Amino acid sequence: MEIISTTNVETQEQLLQLLEQAGFNSTQATVSRDIKELRIVKELTSFGTYRYSTAAREVPGAFSGRLNTIFRECVTNFDYAQNIVVIHTLPGLANAAASAVDAMKMSVVLGTLAGDDTVVVIMRDTNAAAAFCGEIKGLTKG
């Protein structure tokens, strides 16, 4: 986390090299898993390049359990196109799902819009949308 917060790391390979220079031996597969577990995301820099960054969000422990339940019980389908994630829910539950996403306070989520059974989530970029769909997939596997 210290390397990512102090260095513009653009690729997993670059992160792996920096970790080795710092005395940590690892593999690309381990780095990839750690990036997912630590909820590290890629963000656009002012130079038009991407760098790894920690996701700025606070999810209280009690809330994360409710989030898991909401997504496991009401999400029926989801997908993304570019930076837009579309989540389909059981009828009447889109607002609960959107509220759960909003409460995550993710810096990569620009906003949500909910109807009766559909939530539109506007993400900062395509990478964030893909990563978020991966998180939803993990939540809905039950």
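Values quoted throughout were computed directly from the atomic coordinates according to the rules given, and no laboratory measurement underlies them. Quick caveat: nothing in here was measured; it's all calculated off a predicted structure. Here the Cβ is made from the backbone with ideal geometry for all residues, glycine too, and neighbour counts use every protein chain on show.
Listed values, structure above:
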{"quantity": "Acute angle (nearest 10 degrees) that the helix 94-103 long axis makes with the longest principal axis of the chain, alpha-carbon atoms", "calculated": "30"}
{"quantity": "Around T11: net Lys/Arg minus Asp/Glu count, Cβ-Cβ under 10 Å", "calculated": "0"}
{"quantity": "The chain, dipole about Cα centre (Lys/Arg Cβ +1, Asp/Glu Cβ -1), debye to the nearest 20", "calculated": "180"}
{"quantity": "Virtual spin-label span in nm between L110 and Q17, 7 Å along Cα→Cβ", "calculated": "3.3"}
{"quantity": "Full-stretch length increase - S5, L44 - with 0.36 nm per residue and alpha-carbon distance subtracted", "calculated": "12.6 nm"}
{"quantity": "For peptides 76-84, 125-133, 106-114, sequence by mean Cβ density within 10 Å, most packed first", "calculated": "125-133, 106-114, 76-84"}
{"quantity": "Mean Cα-pair separation over length for the chain, i.e. relative contact order, pairs under 8 Å, 6 or more apart, %", "calculated": "21"}
{"quantity": "The chain - mean residue ellipticity at 222 nm from DSSP helices (-39,500 (n - 2.57) per run, n ≥ 4, rounded to 500)", "calculated": "-13500 deg cm²/dmol"}
{"quantity": "Interchain or long-range residues, amide H under 5 Å from L110's placed H", "calculated": "I122, M123, R124"}
{"quantity": "Ellipsoid semi-axes in whole angstrom, largest first, where each is sqrt(5λ) of the Cα gyration tensor of the chain", "calculated": "30, 16, 13"}
{"quantity": "Extension gain from L90 to N77, taking 0.36 nm per residue of separation minus the Cα-Cα distance", "calculated": "3.7 nm"}
